[in-house]
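Have a look at the structure below before the remarks.
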Amino acid sequence: MIEIINCYARIDLSSQDFTRVIKGMNDAGYKSAIWQSKLTLLSTVGITKLNTDVLDWLSYYNIQGRDSFVYRADIFLEHTDLVYVINRGSGWTGESKVEIGVIGVHIGGASKLLAKYANSFINALKTNIDGRKVRHMNLRWYKLSQNNKIDSKVSFEKGFTYASLQEDEVKGAVLLSDAQNREILLRIAETGSIKKIDFKGEKMDFYLEKIEMLTNLGLVDKMYTVTCRKKSTPIAMIRSMDELTLSSKDILSCPHCARSFEDELLQESFSLTTMGRKLTLSSHWMTILVTQVLVENGIPEKSIIWSLEVDGEEVDCVVQFKDKIWILELKDRNFEAGDAHPLAYRSIKYKADKTIIITTGKVSKNARKVFEDLSTRRGEKNGHPLYIEGLSLLKSSVATLIKNEALLHVREKTKEISKAAYIELSPVFSKLFGSYTLEHKGEFKEGVNIFRY
């Protein structure tokens with residue numbers, strides 16, 4: 001996932017001093033794109049010596065008696081990561097400071113990269129700026145705040161639980177994403193238990209193989225029913241044939257015919273374990289599966305809550321991401337028109353920035369029409385939720401969704417960089433970070449360069 005990690009120092013630099021610091025960084029081997037492009041321009045006419053006049057021109061230039069350009073930002077490329085420096089110094093509205101940040105997909109090593117560039121900036125500052133100025137500067141770096149947890153818009157509600165992924169439950173949820181595994185588990189859940197002899201016909205071996213998988217993951221318990229041969233009456237349940245040991249067979253005897261349990265009719269049967277019941281109840285397996293996919297794509301687990309409910313209005317899953325609230329409606333069936341109005345109401349109630357429907361089936365035409373009508377009434381250009389139909393599309397759709405939101409977040413920063421640099425840098429950002437995938441009536445369409453607009 002594309003992320004930004006950044007820091008700032010409360011340093012007030014003029015554009016001339018900022019230019020000299022960037023020159024110092026480039027001289028030290030940290031090659032910045034805008035600085036190098038200007039040197040290339042100068043070298044084409046034979047200017048290779050950077051005297052005071054040239055440095056002042058690099059800092060700013062005037063056209064028609066006004067500042068037409070002030071050099072306040074530059075970018076550095078480190079493989080697929082982009083490092084930026086913005087000078088919000090003299091002449092900038094607001095607090096004077098220097099901001100350095102890393103924008104990249106592999107943010108794991110970004111802290112070290114950020115520290116390297118922050119140290120390089122300070123070294124260049126001390127080397128190229130008058131020491132009488134530097135000694136009065138606050139050269140301490142501060143991290144900018146990151147909002148990656150549920151905020152007061154949602155967390156003030158009382159009826160919810162924080163997401164909590166357990167390895168065994170995740171494995172169980174992944175297994176239940178297969179419709180046939182789910183069908184078998186629900187069949188057992190409906191009857192309480194099911195005997196091996198109830199699986200008949202050509203698919204008997206297939207079903208028993210599936211049950212073995214469910215048993216191995218702790219979703220199904222294998223039991224044996226001891227039935228009196230004389231009266232055909234169940235008399236006991238045992239977990240393992242090992243319980244019918246030589247030492248116990250004389251003690252465990254049928255109350256009707258006095259036969260040893262070992263001599264009675266033993267029928268293998270299956271029932272749900274505690275975890276099996278937990279995952280099937282209200283299709284909780286879907287909540288776990290979707291949460292796991294969100295986490296795999298970079299959403300922190302602490303930014304996800306489950307079963308948010310107030311006044312009978314329940315949302316299966318809520319996510320905060322980049323200062324936005326998403327609500328996710330999960331259905332282990334088709335999403336019908338009768339589901340649409342309640343979901344639209346919950347979207348308003350919980351101030352959702354985005355609503356997502358994830359279904360193992362389809363979103364019906366009538367349900368889509370409800371959202372279309374609501375969009376028309378509200379005058380919204382695209383008021384549809386995002387539709388994810390079928391679990392085969394879950395991972396790719398969530399990845400696209402998160403990339404889109406990350407790009408929107410990054411775009412705001414890239415606008416600042418372009419504005420401060422006085423150069424429209426959208427081709428650079430698009431090349432590094434990719435395209436934004438448009439949505440139309442709940443479905444993903446073509447990709448566009450979002451940094452251009």
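So here's what we get for this one:
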item: Residue within the range 50-63 that is assigned by TED's automatic domain parsing to the domain that holds A115 and within 39 Å of the chain's Cα centre (by Cα) present; result: no
item: Cβ-Cβ under 8 Å pairs, at least 6 apart or on other chains, the range 280-294 side within 19 Å of L214 (Cα to Cα) and assigned by TED's automatic domain parsing to the domain that holds C317, far side among the basic types (K, R) and in a helix (DSSP H, G or I); result: H284/K278; W285/R182
item: Top-ranked residue in the range 318-330 [being of a type outside the set (S, T, N, Q) and in contact (Cβ under 8 Å) with a residue 40 or more places away in the chain; ranked as nearest to K278 (Cα to Cα)]; result: L330
item: Flag for V315 being hydrophobic (A, V, I, L, M, F, W, C), closer than 20 Å to A406 by Cα and in a strand (DSSP E or B); result: no
item: Matching residues, the range 1-51, being closer than 25 Å to E95 by Cα and surrounded by fewer than 16 Cβ atoms within 10 Å (Cβ to Cβ); result: R10
item: Test for L175: is it assigned to a helix (DSSP H, G or I) and without any contact (Cβ under 8 Å) to a residue 24 or more places away in the chain; result: no
item: Matching residues in the range 12-40 - criterion: being within 21 Å of K419 (Cβ to Cβ) and under 35 Å from the mean Cα position of the chain (by Cα); result: S32, A33, I34
item: Residue among D339, D332 that is within 24 Å of A163 (Cβ to Cβ), more than 25 Å from the chain's Cα centre (by Cα), of a type outside the set (A, V, I, L, M) and surrounded by 13 or more Cβ atoms within 10 Å (Cβ to Cβ); result: D339
item: Failed item, numbered, when D205 is tested on (1) surrounded by fewer than 12 Cβ atoms within 10 Å (Cβ to Cβ); (2) part of a loop (DSSP other than H, G, I, E, B); (3) at pLDDT below 90; result: (2)
item: Strands (runs of 3 or more DSSP E) lying entirely in the range 1-106 (those with 3 or more residues that are modelled with pLDDT under 90 and not charged (D, E, K, R)); result: 60-63, 66-70
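The values are calculated or read from the model by the stated rules, or taken from the named source; none is laboratory data. Predicted model only: the values in this text are computed from it and were never measured. For neighbour counting, all protein chains shown are included, and Cβ atoms are generated from backbone atoms with ideal geometry for every residue, glycine included.
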